[in-house]
Number of protein chains: 4
Amino acid sequence: MIVILKQNPNRDQLESLIAWLQEKGVTIHTSIGEANTILGLVGDTSKLDIDLIAALDIVEDVKRVQEPYKNANRKFHPEDTVIQVRDTRIGGGTLTLMAGPCSVESEDQVVAIAKAVKAAGATMLRGGAFKPRTSPYAFQGLGATGLEYLKVARQETGLPIVTELMDITQLPLFKDVDVIQIGARNMQNFDLLKAVGHQDKPVMIKRGMSATYEEWLMSAEYVMASGNENVILCERGIRTFESYTRNTLDIAAIPVLRTLTHLPIIIDPSHATGKYWLVEPMSRAAVAAGADGLQIEVHNDPAHALCDGPQSLKPEIFAPLAQKLLKLHEAVRALD
Amino acid sequence: MIVILKQNPNRDQLESLIAWLQEKGVTIHTSIGEANTILGLVGDTSKLDIDLIAALDIVEDVKRVQEPYKNANRKFHPEDTVIQVRDTRIGGGTLTLMAGPCSVESEDQVVAIAKAVKAAGATMLRGGAFKPRTSPYAFQGLGATGLEYLKVARQETGLPIVTELMDITQLPLFKDVDVIQIGARNMQNFDLLKAVGHQDKPVMIKRGMSATYEEWLMSAEYVMASGNENVILCERGIRTFESYTRNTLDIAAIPVLRTLTHLPIIIDPSHATGKYWLVEPMSRAAVAAGADGLQIEVHNDPAHALCDGPQSLKPEIFAPLAQKLLKLHEAVRALD
Amino acid sequence: MIVILKQNPNRDQLESLIAWLQEKGVTIHTSIGEANTILGLVGDTSKLDIDLIAALDIVEDVKRVQEPYKNANRKFHPEDTVIQVRDTRIGGGTLTLMAGPCSVESEDQVVAIAKAVKAAGATMLRGGAFKPRTSPYAFQGLGATGLEYLKVARQETGLPIVTELMDITQLPLFKDVDVIQIGARNMQNFDLLKAVGHQDKPVMIKRGMSATYEEWLMSAEYVMASGNENVILCERGIRTFESYTRNTLDIAAIPVLRTLTHLPIIIDPSHATGKYWLVEPMSRAAVAAGADGLQIEVHNDPAHALCDGPQSLKPEIFAPLAQKLLKLHEAVRALD
Amino acid sequence: MIVILKQNPNRDQLESLIAWLQEKGVTIHTSIGEANTILGLVGDTSKLDIDLIAALDIVEDVKRVQEPYKNANRKFHPEDTVIQVRDTRIGGGTLTLMAGPCSVESEDQVVAIAKAVKAAGATMLRGGAFKPRTSPYAFQGLGATGLEYLKVARQETGLPIVTELMDITQLPLFKDVDVIQIGARNMQNFDLLKAVGHQDKPVMIKRGMSATYEEWLMSAEYVMASGNENVILCERGIRTFESYTRNTLDIAAIPVLRTLTHLPIIIDPSHATGKYWLVEPMSRAAVAAGADGLQIEVHNDPAHALCDGPQSLKPEIFAPLAQKLLKLHEAVRALD
């Protein structure tokens, strides 16, 4: 960590800063320039609060040299993390296709979709039982019942299930889930992160709508520091001024995270764009940029007027899409 | 709600959309233009999922005419909400000054600061016992012990206390707190919002870092719909591309929310800017724009090298600031 | 266009609004709902100022139904625009590779790079003679001399040249350039857009750093409305809160623009990311999402310590990249 | 400037970087830490391209210690710049009120408004003759004729005029204007900035919609480096995800710029918010935060249905607002 001091810093404040830093166990290299004095802090600086130091009267700016995350850091863990989930693996060169409905609505619905997406090539079943809804008046999900329906679908198809946990109090219900999803709005729900870090299911953390890469990795670090190393990262779009799409899918997250961390990276084109017709081109882009997998909403429900709904594709559209993506994945791997 | 259809919509899909909407209890006015057909939906549209409709094949765009929040909506509750907290009131023309340390560190510290800010004119004591920290390696707060210290400080000064609740499981500890704060990162932790809606302490909701006014009001709606009408809104800066300040304090939130809702509006200039020397000018701006109060970090700790720390002011700087703000508040009220 | 009125609008103001609208030649359909009255405006609304109407006392909101651009609109021009530039074509299924140095530094430099990128598969030569630099103290480009060096490189290789025009007064120097580039910072320099609309070279407009799709298309519309239909759009990243990359490359712009407009779409991964090692994965993503081409910085200059510089690739890295991208382009086309 | 090297940098690349830096005239202090080596560059680093260095293979990050602007920097020019414009002064404790119509529409209109705002307390007349319009089909302003009407209004009232210059070719027409405004969209039109730097009228630069403070100050630096020291900065809102207001007015710009620069700071609440009813509260906030002045749209035009238009106030609303702002300005100054 580098601390750039203001010109002519107050001598007493400087001495007490240096004393305080030494107390924290870091060694200090002082470098006096023409205009500014610079302190180079050597040692374990991960426990120093950068905001706190930056705000000191005598400090102009602080610059971290080492990343504040360790467990998630590729520097200390060069090989890719590959996560085994029942018969399938996430990471390590495979293309994971998580597909299924946004909300679990009924046993028939989820079983039918599970069968369809399995046939199409999906490797996992996604589906929401507990739903984070902006409005308290909107349907909040089937809850525990929804989880049961997902398990039925798993039994029928063999597809492992990934579903969102919203609160610590629901955790006992998730014992038999395959991958626990933490939603974008809970990315910095630190108590929840610790809780899923203390259990042994893999955890997929969606990026918060305005989270930086570093903040996102620090959320993974929370889970890992609590003992659970099986963390998956899922990019689902960030909030920008552009409102044509619901969010802006940050495809660069794939190669950037590939460098910073060893954890697998999944892309959710359905939520990111909010438009079903953008799912295919954005899925292609994600595969080409090296994503480890995709999470795609697929909906059926022929009796329902909204069957061709939201960001969902119908199973008959998902099937050829999945085939194209698998083919593209091979073509991309053949380039290297 | 207005639904703008694409040109030449599929007739079957249109009929099933209309049938589905009627099933939901809304009346439909169809208006056929040269290029586009428009459906005007009349009735209670608050339960309709705008994203779902927007994503239909035959729909070009959807526009909400009525706000999706009711309890928080000034249209249905024209008078300002004023919240009594022990001997002080929030809203209704008063200027609430919540002051205190970011983190509770010791009984001595919080009592000393409480006395100092009380003498300076503060009306409430703020202080964090459970701290949302980006890093799992950073100090996570004193927890239950910190709450006890806050209560001692209240006993010594009579100042009501406002402190952050991070998880439902901590709620029993908050029985004797005066105002429960929901942090920016938990603004859309919907289970937590419901939980504080089912108890009777006033709740102050900080705006999420990338939350729109409507999303923020929907979070208030979650609390209110669960039975608790004593909600306070706290603006603490939004995330933009400008990185000189930690966040961009959105002062326009004050007059905009004043129009949209009847709930009191507090401004937190300390977290928004991340620089203690910006607290005074931004506090002045907030008072001039009509804020109901301010939440300001004040830190003492003379034995500590970092006493002039982060976004915190020392008590001896807070004292004249509080006096100026109260004077400015009077001058601003005299204009009307 | 739909105008949503406030509840109980002032009758006189409403009448004068209606009269004013009729004067502008639009027909008005009034639809009275329970809470709000809605005016549907039918006819040519492209000349109505939406902001002006939105700001009226009696107006709650205004919603445009038809896009404000015509020449650039795919609805009125369903086939893709394909632009012939000497022996190469932009759009229509080809993959245009524009490569070359950020700045033209010398004749030797630009000729050497031109030869190298031509051999590698590039179809156009890019290079800056007039450079928009944030600092007045930075190198501002070689100007007219730089244009001459580009022409020499074209003569040596046959590659058409694309280079940036910064000001109307430079236009006479651009007579012999093949494609005129308008930089992101000039995207809404309307006089410049009109000027390049009045000449006959193709114009490539880079997206402004915080421009919406609609604003960008309106800039294309400025050029087209002035008589020049050969417009190319170039996405080069938008500004977000994420600062790890210089900007956030918005890959969704490709399929979205493909729907909204018939103009070709080029991606600039070099400027968008600001990191040379992100050029390859982002180029792959762009090709997979259907871009018509890429603009990539390539730099040589072996005598120069900074040869492996900024967002530039060395020619020996560009060569295999170009081959991979062409192969990927074929694989992607084979999917459809 | 501090250059943080990657771990184990390539020795040859490091030597050529050091040689190149020394060639540029900077002295290098090397500091070797446990993990990273850091180069401290001492001397005039304003000509070094930070992006270029940051992108080198061996470089992890670069951190500027000194600001890249000199003429605009308060460090080298501690006293406030005060600009005399005819009988009025901008900066130095006065509150400048620039008022007038968005567009000049007729001589009668602008003269009538000028008289009204002068009577209300305005010190300058604003009005657009050349209008930057998003759409080529919208009214583009009266041009040279509009400038003549502004001069008539000045003659009638004595109010100096401020009006926008859009292109170098229009400059000869601006000889008799009092303050030349550079619009947000032209903030980085560097040729235009140089051109207004070579003439002697004061120049007011509006902040670009997504410009950082540093970029904005660099635009001022362009004008000042060309010889014109009379530069005024005008904040008019930045683009964020919040779409309720047209832009987000960044009030913190006032105290931040007050620290970074000696140039006067004006706030434009009309364009920032896009809603006339937000002009008053945001003007109050600006005055309280220490702005040197405000630019407010005022519109009359009683024969016109849209007289209560856009972000404009009517003269009869501006009059009491101006009085309140002047009173508030006094009250704020009395606090210090």
How about region B:255-275: which of its residues are more than 12 Å from chain D (Cβ to nearest Cβ) and at pLDDT below 95?
B:270, B:271
Whether any residue in region B:20-33 is over 25 Å from residue B:214 (Cβ atoms), within 11 Å of chain A (Cβ to nearest Cβ) and open to solvent by 50 Å² or more (accessible area, probe 1.4 Å) is what I want to check.
yes
Output the number of the condition that residue D:145 fails; it satisfies all remaining conditions of (1) in contact with a strand residue (DSSP E or B) (Cβ under 7 Å, 6 or more places away or on another chain); (2) modelled with pLDDT of 95 or more; (3) under 29 Å from residue C:218 (Cβ atoms).
(1)
Take the residues of region D:225-252 that are open to solvent by less than 10 Å² (accessible area, probe 1.4 Å) and within 11 Å of chain C (Cβ to nearest Cβ): which is farthest from residue D:265 (Cα to Cα)?
D:247
Answer from B:194, B:201 - the residue that is over 25 Å from residue B:255 (Cβ atoms) and part of a helix (DSSP H, G or I):
B:194
Flagged in region D:222-251 as in a strand (DSSP E or B) and more than 30 Å from residue B:213 (Cα to Cα), in numbering order, are D:231, D:232
Subset of region D:118-129 [over 18 Å from residue D:179 (Cα atoms) and outside any loop (DSSP other than H, G, I, E, B)]:
D:119, D:120
Among (1) away from chain D (no Cβ under 13 Å); (2) surrounded by fewer than 19 Cβ atoms within 10 Å (Cβ to Cβ) - the single one residue C:65 does not satisfy
(2)
Restrict the check to region A:215-223 and report whether at least one residue is within 13 Å of chain C (Cβ to nearest Cβ) and closer than 17 Å to residue C:289 by Cβ.
no
Go through (1) touching a Phe, Trp or Tyr at 6+ places or on another chain (Cβ under 7 Å); (2) open to solvent by 70 Å² or more (accessible area, probe 1.4 Å); (3) touching a residue at least 60 places away in the same chain (Cβ under 8 Å) for residue C:47 and report which single condition fails.
(3)
Being in contact with a Lys or Arg (Cβ under 8 Å, 6 or more places away or on another chain), within 12 Å of chain B (Cβ to nearest Cβ) and of a type outside the set (D, E, K, R) is the filter here; which residues of region A:34-62 pass it?
A:45, A:46, A:48, A:50, A:55, A:58, A:59
Of all residues in region A:165-183, which are under 22 Å from residue B:185 (Cβ atoms), of a type in the set (A, V, I, L, M, F, W, C) and open to solvent by 20 Å² or more (accessible area, probe 1.4 Å)?
A:168, A:171
Residue under question is residue B:219, and the condition is that it be among the polar types (S, T, N, Q), more than 16 Å from residue A:136 (Cβ to Cβ) and either part of a strand (DSSP E or B) or open to solvent by less than 20 Å² (accessible area, probe 1.4 Å) (or both); does it hold?
no
Please determine whether any residue of region B:309-319 is open to solvent by 20 Å² or more (accessible area, probe 1.4 Å), out of contact with any Cys (no Cβ under 8 Å at 6 or more places or on another chain) and at pLDDT 95 or above.
yes
If you take the residues in region C:262-280 that are in contact (Cβ under 8 Å) with a residue 40 or more places away in the chain and within 12 Å of the chain's Cα centre (by Cα), which one is surrounded by the most Cβ atoms within 10 Å (Cβ to Cβ)?
C:268
Which of (1) under 22 Å from the mean Cα position of the chain (by Cα); (2) surrounded by fewer than 19 Cβ atoms within 10 Å (Cβ to Cβ) does residue B:139 not meet, given it meets every other one?
(1)
Only one residue in A:177, A:152, A:162 is away from chain B (no Cβ under 13 Å) and in a loop (DSSP other than H, G, I, E, B). Which one?
A:177
Within region C:76-104, can you find the residues that are open to solvent by less than 10 Å² (accessible area, probe 1.4 Å), more than 17 Å from residue C:229 (Cα to Cα) and part of a loop (DSSP other than H, G, I, E, B)?
C:101, C:104
Quick check: is even one residue across region C:59-75 modelled with pLDDT of 90 or more, in a loop (DSSP other than H, G, I, E, B) and among the acidic types (Asp, Glu)?
no
Within region A:1-19, which residues are of a type in the set (S, T, N, Q) and exposed (fewer than 12 other Cβ atoms within 10 Å of the Cβ)?
A:7, A:8
Output the number of residues of region A:1-54 satisfying the condition of being in contact with a helix residue (DSSP H, G or I) (Cβ under 9 Å, 6 or more places away or on another chain) and assigned to a helix (DSSP H, G or I).
3
Per the filter on region D:186-207, residues open to solvent by 10 Å² or more (accessible area, probe 1.4 Å) and over 22 Å from residue D:124 (Cβ atoms) are D:188, D:191, D:194, D:195, D:198
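The values are calculated or read from the model by the stated rules, or taken from the named source; none is laboratory data. Only a predicted model underlies this, so the values are computations on that prediction, with no experimental measurement involved. Please note: Cβ atoms are built from the backbone with ideal geometry, for glycine as well, and neighbour counts cover all protein chains shown. Side chains included, ligands, DNA and RNA excluded: accessible areas come from the protein's heavy atoms. Shrake-Rupley method; radii C 1.70, N 1.55, O 1.52, S 1.80 Å.
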